[in-house]
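Take a look at the structure below.
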Amino acid sequence: MAVIIDGKRISNDIKDELKARVNEQNIDATLCVIQVGNDPASSIYVKNKKKACEYIGIKSVSYELPDETTEKELIDLVQSLNEDKRINGILVQLPLPSHINSDAVIKAIAPNKDVDGFHPENVGNLCIGRQGFLSCTPAGIIELLKRYDIPIEGRECVIIGRSNIVGKPMALLMLRENATVTICHSRTRDLAETARRADILIVAIGKPRFITKDYVKEGAVVIDVGIHRDEDNKLCGDVDYEDVLPHVSAITPVPGGVGPMTIAMLMNNCVQSALQMTADK
């Protein structure tokens, strides 16, 4: 019988731990969230981030900018927030409108306020094993594995997807935990054969229910990062959950698996940023 990895429960545990820490240490932290345009999914994510801040006891400030905001206007706002000592974390909600260069905006965020972990300096720190903010989704996956006592060291991990937000940092974090890592992508030959080698299969391919039992070794741990709406408007992941479930030792559901962990780890980064900025004064 497969273990269903409950990301919602673990994320609530982490938020409770952060709430207690904020109270005990009297941590004064403020997260600033910037949204450009009114994409419905982005609006939901922003709302959930504000709600999480309120729960753990830190402040949140939001800028909801019109779709026609220019790249310069957005970068000027980011730079003013970099200088604002009241702000500990800056998050620019992605995706941005097509006329704005996301990379330029991410680079404009001060690395010590980059609580998303996307700035090149934080990515570089991860590459060479230095301290820095970790990308929230991959960090959340590591936390899920550890809190469910799923061994990582020495195990073979296959990651399907090579994005800067999930696939690449996920590979680096698994290497940090002494896993043997293979990254697969759209050009990988014999994808199913490679995936079947995995003790831990992490899927961030962006295709609904793409991964079936044919891609999964018997007894593997499967982590599904994808989230989609199917033809019946129901949420599903990149993994065909019902098809894969009988063959795995543990699996994350969609919804309620990886998704809630992303916000929990964002809150963790916000608290860490506030503590670091206090220590640097």
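Read-outs throughout are calculated quantities, based only on the coordinates presented, and are distinct from any laboratory measurement. Everything numeric in this text was worked out from a predicted model, so none of it was measured. Positions of Cβ are generated from backbone atoms using ideal geometry, with glycine treated the same way; all protein chains shown enter the neighbour counts.
Details
- Estimated vicinal HN-Hα couplings, Hz - the range 29-34 in sequence order (Karplus 6.51, -1.76, 1.60; Gly, Pro = x): 10, 9, 9, 10, 10, 10
- Label separation (ASP280 vs ASP214): 5.1 nm, computed from points 7 Å beyond Cα along the C-beta direction.
- Beta bridge orientation in the chain: antiparallel %, DSSP, nearest 5: 5
- Considering all different alpha carbon pairs of the chain, the Kirkwood hydrodynamic radius works out to 19.5 Å.
- Largest GNM mean-square fluctuation across ILE142, ILE44, ILE205, computed for the chain with C-alpha springs under 10 Å, falls on ILE44.
- Residues whose amide H comes within less than 5 Å of that of ILE211, counting only those at least five positions distant or on another chain, are VAL239, ASP240 (H built at 1.01 Å from N in the peptide plane).
- Whole-percent pair-distance distribution, where bins are 10 Å wide, for the alpha carbons of the range 136-258: 14, 51, 32, 3, 0
- Between LEU65 and ASP243, the modelled labels are 4.2 nm apart [label points 7 Å from Cα along Cα→Cβ].
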